[in-house]
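To keep things clear, I will list the structure first and then write my remarks on it.
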Amino acid sequence: MPKVQAAAVASSSRRGRRVSTSLAEINVVPLVDVMLVLLIIFMVTAPMIQRGVDVNLPVARRATQIEGERLFVTVPATFRRDRTVYLGDERIRVDVLQERIRQKMESATDKQVYLRGDGDVLYQDLMEVFDRLKGAGVERVGLVAKLPGER
């Protein structure tokens, strides 16, 4: 709203009052520009931040895509040294794997787990994890492989 100011006493003009506008408004154009640049920066860098477990899966010509939400157990190449596996993205010791799977299987209707093993893992190590999964009440264990052209 314009401010009204009294005219000077020695003024010879006919207007008795002078109207001036306030310059206290915020200019939002630079703010929007900065916000859009930050949004673009975060959109570009967000996929780079997400990091999974590096596993060199064996290749199978007839592998099929897994659909839906499933429970994955990953056996990394370092399994023989540190005796740890990944339950989803969580790293746990193989000793507690059976109890953790049992807890997750209590509420699940489909008692199925997918086992991913690095290509350098010994077959005996995979069988040890497989036995622990079966001991936890898993009815079906799927072995995950990748298609020949897949990275």
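The values are calculated or read from the model by the stated rules, or taken from the named source; none is laboratory data. Keep in mind that what you see is a predicted model, and the values were worked out from it rather than measured. No Cβ is skipped: glycine too gets one built from the backbone with ideal geometry, and neighbour counts run over all protein chains shown.
Structure data summary
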item: Residues within the stretch 67-110 that are more than 21 Å from the chain's Cα centre (by Cα), assigned to a loop (DSSP other than H, G, I, E, B) and buried (at least 17 other Cβ atoms within 10 Å of the Cβ), tallied; result: 0
item: Any hit, the stretch 140-151, residues being in contact with a Gly (Cβ under 9 Å, 6 or more places away or on another chain) and modelled with pLDDT of 85 or more; result: no
item: Checking Ser107 against (1) closer than 21 Å to Leu143 by Cβ; (2) among the hydroxyl-bearing types (Ser, Thr, Tyr); (3) at pLDDT below 85, the condition it does not meet; result: (1)
